[in-house]
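Undergrad: Please find one structure pasted underneath; my questions will follow.
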């Protein structure tokens, strides 16, 4: 039996068209999961490589299949990767240009998302950023709908009390006066 990808240009063309049409959306999902541009690009490239090898076996619309590869690959990466300190050339700025501490500026969703456990972050990204249903999210993560609901509830509870998202009451009052 020959490789289905080699049967003719249609399989190759279909894959190329899919990549051209959906790469930006899949890259956004990868970035929301990793919060790192280079790592998101690596994750997407790995997922698309895996999808290429399975392309002939995919029935129907390929995006859910590729998205599942993306999430599963991310899950295996977070199990393997060291999540400790990363050396940088320069220390991060602790103050903004106006003299206030950077943490005083509040409303930092990315910081709050990074504090979530990876499973909860994946649920939040898929449910609220990618607008998937609970059933679709459960299918992608390989868990039950109840697990998606409980992880989403726990994640939202943590985000509600996260200091990075705390609204400075004085700043809010100033905005109301304007």
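Undergrad: Which value in nm describes the separation of the simple spin-label points at residue 39 and residue 11, placed 7 Å from the Cα toward the beta carbon?
TA: 3.4 nm
Undergrad: So if I average 1/r over every pair of distinct C-alpha atoms in the stretch 4-69 and take the inverse, what Kirkwood radius in Å does that give?
TA: This gives a value of 12.2 Å.
Undergrad: Now, a different point. Over the stretch 4-69, calculate the relative contact order: mean separation of alpha carbon pairs under 8 Å at least 6 apart, over the residue count, as a percent.
TA: 31 percent
Undergrad: How far, in nm, would the chain grow between residue 22 and residue 131 when pulled straight, counting 0.36 nm per residue and subtracting the alpha carbon separation?
TA: Once the chain is fully extended between residue 22 and residue 131, it gains 37.7 nm.
Undergrad: Okay, moving on. Give me the percent relative contact order of the stretch 103-166, please, defined on Cα pairs under 8 angstrom at least 6 residues apart.
TA: Once divided by the residue count of the stretch 103-166, the mean separation gives 49 percent.
Undergrad: What FRET efficiency comes out for residue 53 versus residue 153 if R0 is 35 angstrom and r is the Cβ-Cβ distance? Round to the nearest 0.05.
TA: Efficiency computed from Cβ-Cβ geometry: 0.40.
Undergrad: So, one more: Compute for the stretch 103-166: radius of gyration divided by Kirkwood radius, i.e. Rg/Rh, restricted to C-alpha atoms, rounded to two decimals.
TA: 1.02
Undergrad: Moving on to the next point. Using 0.36 nm per residue of separation minus the Cα-Cα distance, give me the extension gain between residue 89 and residue 109 in nm, one decimal.
TA: 4.7 nm
Undergrad: Sorting check: for 55-68, 37-50, which peptide has the highest mean count of neighbouring beta carbons within 10 Å, and how do the rest follow?
TA: 37-50, 55-68
Undergrad: May I pose another question? Report the extension gain between residue 61 and residue 166 in nm, rounded to one decimal, defined as 0.36 nm multiplied by the number of residues separating them, less their alpha carbon distance.
TA: 33.7 nm
All of the numbers you see were taken from the coordinates with simple rules; none came from a lab. Because the structure is predicted, anything quoted here is derived from the model rather than measured. With ideal geometry, Cβ positions are generated from the backbone for all residues, glycine too; neighbour counts draw on all protein chains shown.
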